[in-house]
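I have placed the structure first, in the form of structure tokens, so that the comments after it can refer back to it.
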Amino acid sequence: MHRPRPSRSSLAAAVLLAAVLGGCATAAPPPVQPVAEEARTALARIEQHRRSLNDLRSLTDLTIRRNGRAQRLTGVLLLTGEPAALRFEALSPFGTPVLIVAGDAKSVTLWEVLDNRAYIAPATPEANRRWLGLAMSVEDLAALLAGRVRPMADPTSIELLTPDDVGPSLRLVGASGEQRIWFDPDTGQARKVEWTGKNPARVTFASAPADGPPAGLRLETPDGALRVTASYRDPRMNTSLDPSLVTLTVPEHVKIQDFR
């Protein structure tokens, strides 16, 4: 059965969700390697910093460059850490929403307010690959937008690398490829993260105070086809955000295409 494709504007706006993580393995993973104590300690520090996030709210400026085309969006970003969920409302110059994107562990919804239509997709990396050309999960996305990194699940190898000009880094290898996380050794705050494998990408975080809200980030792919920058204005973290504010229920009069 033929299914209508989402509009170009939907895809461009949805790239704000672009956090790139690996796809599915097709072969049995190699045996898990022993982990040195210093690497185990570094991983625990990164995870502790990630889990210190309960919620984040901020005015957000997004610049999305994809395949030579640029789009700028300004709006309100809300997100929660665990359970991970997010909502971004792109606003017109008059302050009214023109696009709303919301995601949680079950689904991702894009509502084009002016066009009176919405798209709903399952919140899985492979589903988002079909929409965006990128594989990602809401959990990873929420962590990145909050200036954190979610280490890959079930790595077979974890190694603490010698510091370079960015700082010390942790290299994790698993079925989906390799993930390298540069971090502050004192706080565990991520400075940069790279993925190699089927979905290579790099995220660089703007400097932020220890245990404070992020200032922004830059996401890019090695081929230059995608670059996303996010800058936060007056970000506030751990303000006991009401989880219901992050959810999205599309009105009945909106034309909805459900891809779940």
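Annotations for the structure displayed:
- Residue match in the stretch 243-253 (condition: farther than 18 Å from residue 75 by Cα, of a type in the set (A, V, I, L, M) and exposed (fewer than 13 other Cβ atoms within 10 Å of the Cβ)): no
- Matching residues in the stretch 91-108 - criterion: being crowded, with 22+ Cβ neighbours inside 10 Å and either free of Cβ contacts under 8 Å to residues at least 12 places away in the same chain or over 15 Å from the mean Cα position of the chain (by Cα) (or both): 99
- Counting residues in the stretch 32-39 that are modelled with pLDDT of 80 or more and surrounded by 13 or more Cβ atoms within 10 Å (Cβ to Cβ) gives one or more.
- Qualifying residue in the stretch 50-72 (condition: closer than 30 Å to residue 161 by Cβ, in contact (Cβ under 8 Å) with a residue 40 or more places away in the chain, surrounded by fewer than 16 Cβ atoms within 10 Å (Cβ to Cβ) and not aromatic (Phe, Trp, Tyr)): no
- Filtered residues of the stretch 235-260 (kept if among the acidic types (Asp, Glu) and out of contact with any strand residue (DSSP E or B) (no Cβ under 6 Å at 6 or more places or on another chain)): 242, 252
- The listed residue being out of contact with any Phe, Trp or Tyr (no Cβ under 7 Å at 6 or more places or on another chain), modelled with pLDDT of 90 or more and at positive phi, out of 133, 81, 95: 95
- Matching residues, the stretch 164-180, being in contact with a Phe, Trp or Tyr (Cβ under 9 Å, 6 or more places away or on another chain) and either of a type in the set (Asp, Glu) or at negative phi (or both): 164, 166, 168, 169, 170, 176, 178, 179, 180
- Within the stretch 90-108, tally of residues that are farther than 25 Å from residue 149 by Cβ and not aliphatic (A, V, I, L, M): 6
- Subset of the stretch 187-244 [in contact with a Leu (Cβ under 7 Å, 6 or more places away or on another chain) and free of Cβ contacts under 8 Å to residues at least 60 places away in the same chain]: 204, 205, 206, 220
- Taking the criterion of being charged (D, E, K, R) and either closer than 25 Å to residue 209 by Cα or buried (at least 19 other Cβ atoms within 10 Å of the Cβ) (or both), the residues of the stretch 132-181 that qualify are 139, 140, 148, 150, 164, 165, 171, 180.
- Qualifying residues in the stretch 245-260 (those that are polar (S, T, N, Q) and touching a residue at least 12 places away in the same chain (Cβ under 8 Å)) - the one nearest to residue 63 (Cα to Cα): 247
- Residue match in the stretch 183-191 (condition: within 18 Å of the chain's Cα centre (by Cα), at negative phi and among the hydroxyl-bearing types (Ser, Thr, Tyr)): no
The values are calculated or read from the model by the stated rules, or taken from the named source; none is laboratory data. Everything numeric in this text was worked out from a predicted model, so none of it was measured. Reconstructed Cβ throughout: ideal geometry from the backbone, glycine too, with neighbour counts over all protein chains shown.
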